[in-house]
């Protein structure tokens, strides 16, 4: 991490250089198909998921090994979340939800390895996730319920004269969902990593370095927590939105 | 990385020192690449999950739940067996106690009967012996009495002859009999 001192003019921070996309091979321009560092770390996430959930459960032990029990725990956590939040009809969407959860979790956690790249720090990635969920769930809502899906904006429990107002607010909040959904994830991840970089730059100053290193350790711990929590939050919000599509009359 | 000299292809998002311009996350140039690889990644994860991981894990969990249920059922069955065995044992014990009590009572009755019979026989023997003894005592006494009378008569005749008186036999007998009564 050579930020700190590249110019004579004292501290120079480049906390966001860590999210620059670079081609893996050569220096050419980044086309849509170019394998980049983002490709590499997403592939590593796929590999980790494969190792944990497929290789780790190879024994099919009745008394699970350590890796297998982690895999079972992740499975159980997401399965229970989907079942609790969306009800029994939502369970058939469990593989999609688990895909999202595992991708975000592993992208976040792998991104915490020093010198790595965090795929979920890019709005391009989280927006695809967020808007993908939004579009899929809206389509699902109309497929499952037809026009009755719109009744979710019409609060039958509210007084009649308030219903149009509430409907407008509900529609706005509905369309804001994917934005908040994706920015929350990218924002949290980017902020944490940027703070780590800033503290790392301060470590170059002798007087500040002990404080800076301690702060980095603390923030790193916090970031591990954030990595898990953001994956969980993204997933549980997906489940909540999914419940609206499965049961629009709440 | 950041301090590398300018690269040949600085783009709209990277300056000539290789550092980010603004927020690289918002760089439009890179978004198609990200989207493409993200979709590839998600599809890959989805197929890994649905083709391999999920069937296996749900199989493991179902198998474990089945095993637990079976084991619980087996344990319940064994407990029932144990309870039945305990009941059988208790019953056998009670039976044995009753049998023992019955044998004790029978033996006691038998002994009592034998004892009674022996006692009766002994009583009879004793009574017989007593009667025999009494008879012989009576004999002895009678003979002794006869002897005494005889001796008294002879003594009386002898005493009378010593005094010179002749006494006939009848008188002596009468006199002795008279005295013996008293």
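Here, each number is a calculation from the coordinates, and none is a lab measurement. Everything numeric here is computed off the predicted structure, so don't read it as measured data. Cβ atoms come from the backbone with ideal geometry, glycine included; neighbour counts cover every protein chain shown.
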In whole angstrom, the spacing between the Cα centers of region B:70-93 and region B:45-69 equals 36
Helix A:94-111 against the longest principal axis of chain A: what's the angle in degrees, Cα atoms only, rounded to the nearest 10?
20
Just round it to a whole percent: the fraction of Cα-Cα distances in chain B exceeding 30 Å.
76
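For residue B:127 and residue B:107, what does the FRET efficiency come to when R0 = 35 Å and r is the distance between their Cβ atoms, rounded to the nearest 0.05? Intermediate results must be reported in sequence, preceding the final value.
Details: r = 30 Å, r/R0 = 0.86.
Once the sixth-power term is evaluated, E becomes 0.70.
Using the C-alpha atoms of region A:152-240, what convex hull volume per residue, in cubic angstrom, is computed? Working shown, then result.
Working: hull volume 10.4 nm³, N = 89.
Hull volume normalised by residue count: 117 Å³.
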Which log10 I(q)/I(0) values, to two decimals, does the protein assembly as shown give at q = 0.06 Å⁻¹ under the Debye formula with one point per Cα?
-0.49
Given an 8 Å cut-off on Cα distances and at least 6 residues of separation, report the relative contact order of region A:27-130 as a percent.
29
Please tell me the relative contact order of chain B in percent, rounded to the nearest whole number, where contacts are Cα pairs under 8 Å and at least six residues apart.
7
What whole number of Å gives the distance from the Cα centroid of region B:116-134 to the Cα centroid of region A:43-100?
104
Debye equation applied to the C-alpha atoms of chain A, log10 I(q)/I(0) at 0.10, 0.11, 0.13 Å⁻¹:
-0.63, -0.74, -0.94
Residue A:214-residue B:15 FRET efficiency (beta carbon distance; Förster radius 25 Å; 0.05 resolution):
0.15
Relative contact order [Cα under 8 Å, 6+ residues apart], region A:17-246, whole percent
25
If you line up the long axis of helix A:37-50 against the longest principal axis of chain A, both from Cα atoms, how many degrees apart are they, to the nearest 10?
60
Calculate the length of the line joining the C-alpha centroid of region A:117-182 to that of region A:197-238, in whole Å.
32
What is the helix-to-structure angle for A:163-202, meaning the angle in degrees between its Cα long axis and the longest Cα principal axis of chain A, kept from 0 to 90 and rounded to the nearest 10?
20
